[in-house]
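*Asks:* Can you keep this structure in mind? I'll have questions shortly.
The values are calculated or read from the model by the stated rules, or taken from the named source; none is laboratory data. Because the structure is predicted, anything quoted here is derived from the model rather than measured. As a convention, Cβ positions derive from the backbone with ideal geometry for all residues, glycine included, and neighbour counts pool all protein chains shown. To get the accessible areas, we keep the full protein, side chains included, count just its heavy atoms, and leave off ligands, DNA and RNA. Shrake-Rupley method; radii C 1.70, N 1.55, O 1.52, S 1.80 Å.
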Amino acid sequence: MANLLEFRNVTKTYTRGYFAEAGTTALADFSMTLKEDEPTIMTVAGESGSGKTTLAMLLLGFIDPTKGEILYKGKNINKLRGDDRLNYRREVQAVFQDPFAVFNPFYTVDHLLTVPIEKFKLAKSKADARNKMEEALSSVGLRPEDILGRFPHQLSGGQRQRINVARALLLKPRVLVADEPVSMVDASLRANILESLRGLHRDHGVSIIYITHDLTTAYHVANSIVVLYKGGVMEAGDIDNVIQKPQHPYTRLLIDSIPWPDVDRRWGSDGMMVKESETTDKGGKGCRFAARCPHVKDSCLHIPPPLYRVGQTQVASCVLYDNNPVLPATQLTDVLPV
Amino acid sequence: MTPILQIRDLQVSYYTDLGRATALNRVNLDLNPGEKLGLVGESGSGKSTMALAMMRMIKAPGRIESGSVTVGGVDLITLNDEEMRLARLSRIAYIPQGAMNSLNPVLRIGAQMVDAIKAHIPNMSQADMTEQCMQSLESVDLKRNVFQMYAHELSGGMKQRVCIAIGILLKPQVIIADEPTSALDVVTQRQVMETIDRVQKEMGAAVILIGHDMGLMAQFVDKVAVMYAGRLTEVSTVRDMFSKPMHPYAQALIKSLPNLSNKGVFQGIAGLAPSLLRIPNGCAFHPRCPQAMDVCKTTVPDVKEYEGNRLVACHLYTEGA
């Protein structure tokens, strides 16, 4: 089975000039693979500053890893040239958080769709291009006659975000990176956009990396989840297990903080409250979550805990489970179901 | 109990090149001291316009056409500009959306807070003002040294808390929080909401929370008001709203929520919110309503009171009455 996409011990450190002390590690020793013939939807979750957007940027080749490498179909994406590079650019697509910022206000929205068609020579004629555009728009639930020829300011946020999904669809990518695609749209439109994304996965076999801090929507779309905190994997596994039986104190905090739309499930019933970290701890030594963890022990402060297996398809990086077998960080994908 | 806030027939229009857009259409609302009300609706439904109208901060081409906003016995709409300036922050405070952008980057937090007090109580001593600011910061779980800091030294959650601290400086009777946590992640969101909750309990102020996150509403508010195209469609207690919503729009909104029991089911609301320039005749929701009747296309439903102090504007429940 060939690997479509592979992260090999990827670390990204942001430094502040040559003379500054150790920089900020946004992603530490992260390994993950997506298989070519098993499309999946994987969620990467975490707070702001957890490294989830860095992960997206690395995957899209916008920034280079400090250590490790990212392989696409067995080739390092930072060394792709010529046709390989064009191919990678076409097959790995993104939907970004802000549907307002990705459009150029001086062009009609057609521009966003015609440029990739020209660039990747997807259509034989103008009529063919038009057909392809209309097809892509209809498949995300938009009426092409309402959309084509309009300017971005004439469309709602939900419509614009769906045009982005349509654009991704047009290119028939293998991997789609969706960085908080629904955080800026209304709740009633969220469902429609997520449904379009799921359709892309189901009908076109696209693997989706869904980056979010919203675990409710993640639970509904994804098969697996990786929870990041300050660049390190805290917990990973089958989404049902992780959401329903979170093991790591950080995941528990995250899940406990979800505002469930249910009046019988209010916050703070179990009283596990962790102070917002006011210190800017440097990271590095010990468990990254130690400063906020209610179960912190001395041993947490020295060595970062490895990933302990806490179930068939679940691992947690926490010393609370140090009796369990260890999963090497490079085999993270083993516990992520497709 | 006499309501601390009474809104009567409030109507706001924006005069655009394309015609008059009625952003707020004859809205009536009462709020008791200590009550927390959630105001929900899609973008463009008039939530923020309502907040701005209460603060009398509607800018041209918008205009408050008619109606009254009474806070603690004083009708804000009839005040002159200077009286209104004094009423803001001391009677009614507004915590803006996106705390990131509402603090001045070149002034220390303390200077901005002192400014707010000075504008209302010019002859207070410097030491007293500083002390009052510090207390306000402490009441939102910030350290006293935040007073000396600049906005860029604070995290998003801390900036939002500074905004809350400024909002409660003069102990207003009504606090309006416009999507106070939309830019924050879940953990910080919870902490900020709990801060607002605690401060509100201490002061006994009424809070209006504006947002479209129904989850947050379920956690925080006592009553939910649903807006659609500039009108209130339903006002119910949070429990009634989530267990048996009456207005079809409220029903669709509740149904579209993801929760743990219905994994993989997505139910959006079909269609798009109407443009305020072209509000459909009759009930504005009828083109999207699964239960629309003939009368809905012609007559605007009146807001009627139902069991459990619920206010609903829908023809479904007036049949045979």
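*Asks:* Give me the residue from the stretch A:322-338 that is of a type outside the set (Gly, Ala, Ser) and not in a loop (DSSP other than H, G, I, E, B) and, out of that set, most open to solvent (accessible area, probe 1.4 Å).
*Replies:* Here the answer is A:334.
*Asks:* Can I ask one more? I'm told residue A:11 meets every condition in (1) farther than 18 Å from residue A:210 by Cα; (2) modelled with pLDDT under 90; (3) not in a loop (DSSP other than H, G, I, E, B) except one. Can you identify the failing condition by its number?
*Replies:* Answer for residue A:11: the failing condition is (2).
*Asks:* Kindly provide the set of residues from the stretch A:284-309 that are open to solvent by 60 Å² or more (accessible area, probe 1.4 Å) and either among the basic types (Lys, Arg) or in contact with a strand residue (DSSP E or B) (Cβ under 7 Å, 6 or more places away or on another chain) (or both), ordered by number.
*Replies:* A:285, A:297, A:304, A:309
*Asks:* Residue A:161: within 14 Å of another protein chain (Cβ to nearest Cβ) and touching a residue at least 24 places away in the same chain (Cβ under 8 Å), yes or no? Give the derivation first.
*Replies:* On the way: within 14 Å of another protein chain (Cβ to nearest Cβ): yes; touching a residue at least 24 places away in the same chain (Cβ under 8 Å): yes.
For residue A:161, the condition - within 14 Å of another protein chain (Cβ to nearest Cβ) and touching a residue at least 24 places away in the same chain (Cβ under 8 Å) - is met.
*Asks:* Please determine whether any residue of the stretch A:212-221 is outside any strand (DSSP E or B), more than 8 Å from chain B (Cβ to nearest Cβ), more than 19 Å from residue B:213 (Cα to Cα) and in contact with a strand residue (DSSP E or B) (Cβ under 8 Å, 6 or more places away or on another chain).
*Replies:* The answer is no, given that none of the residues of the stretch A:212-221 is outside any strand (DSSP E or B), more than 8 Å from chain B (Cβ to nearest Cβ), more than 19 Å from residue B:213 (Cα to Cα) and in contact with a strand residue (DSSP E or B) (Cβ under 8 Å, 6 or more places away or on another chain).
*Asks:* Here is a further query. Only residues in the stretch A:253-273 that are more than 9 Å from chain B (Cβ to nearest Cβ) count as the first member; pair them with residues that are open to solvent by less than 10 Å² (accessible area, probe 1.4 Å) and at pLDDT 75 or above, Cβ under 6 angstrom, at least 6 apart or cross-chain, and list the lot.
*Replies:* none
*Asks:* Next question, about the same structure. Does the stretch B:79-100 include one or more residues that are farther than 30 Å from residue B:154 by Cβ, of a type outside the set (Phe, Trp, Tyr) and in contact with a strand residue (DSSP E or B) (Cβ under 9 Å, 6 or more places away or on another chain)?
*Replies:* Taking every residue of the stretch B:79-100 in turn, at least one turns out to be farther than 30 Å from residue B:154 by Cβ, of a type outside the set (Phe, Trp, Tyr) and in contact with a strand residue (DSSP E or B) (Cβ under 9 Å, 6 or more places away or on another chain).
*Asks:* Moving to a separate point now. Which residues, taken from the stretch A:310-321, are open to solvent by 60 Å² or more (accessible area, probe 1.4 Å) and not in a loop (DSSP other than H, G, I, E, B)?
*Replies:* A:320
*Asks:* Separate question: Could you list, in sequence order, all residues of the stretch A:164-192 that are within 9 Å of another protein chain (Cβ to nearest Cβ) and in contact (Cβ under 8 Å) with a residue 40 or more places away in the chain?
*Replies:* A:183, A:184, A:185, A:192
*Asks:* If you take the residues in the stretch B:197-216 that are open to solvent by 10 Å² or more (accessible area, probe 1.4 Å) and in a helix (DSSP H, G or I), which one is nearest to the other protein chains (Cβ to nearest Cβ)?
*Replies:* B:216
*Asks:* Could you tell me which of the residues B:108, B:91, B:85, B:144 is surrounded by fewer than 17 Cβ atoms within 10 Å (Cβ to Cβ) and within 25 Å of the chain's Cα centre (by Cα)? Don't jump to the end; show me each part of the working.
*Replies:* Working: B:108 fails: within 25 Å of the chain's Cα centre (by Cα); B:91 fails: surrounded by fewer than 17 Cβ atoms within 10 Å (Cβ to Cβ); B:144 fails: within 25 Å of the chain's Cα centre (by Cα).
Checking each option against the conditions leaves just B:85.
*Asks:* Which of the numbered conditions does residue B:180 fail, given that it passes all the others? Conditions: (1) within 9 Å of another protein chain (Cβ to nearest Cβ); (2) under 21 Å from residue A:182 (Cβ atoms); (3) in contact (Cβ under 8 Å) with a residue 12 or more places away in the chain.
*Replies:* The single condition residue B:180 does not satisfy is (1).
*Asks:* Right, something else. Just the residues that are assigned to a loop (DSSP other than H, G, I, E, B) and of a type outside the set (Lys, Arg), please, taken from the stretch A:74-96.
*Replies:* A:74, A:80, A:96
*Asks:* While we're on this one: Filter the stretch A:64-87 down to the residues that are among the aliphatic types (A, V, I, L, M) and more than 22 Å from the chain's Cα centre (by Cα), then identify the one that is least open to solvent (accessible area, probe 1.4 Å).
*Replies:* Of the residues in the stretch A:64-87, the ones among the aliphatic types (A, V, I, L, M) are A:70-71, A:77, A:80, A:86.
Now drop any that are not more than 22 Å from the chain's Cα centre (by Cα), which leaves A:80, A:86.
Details: A:80: 8, A:86: 78 Å².
That would be A:80.
*Asks:* Taking the stretch A:97-156 on its own, how many of its residues are under 20 Å from residue B:275 (Cα atoms), free of Cβ contacts under 8 Å to residues at least 24 places away in the same chain, assigned to a helix (DSSP H, G or I) and open to solvent by 70 Å² or more (accessible area, probe 1.4 Å)?
*Replies:* Number satisfying all stated conditions: 2.
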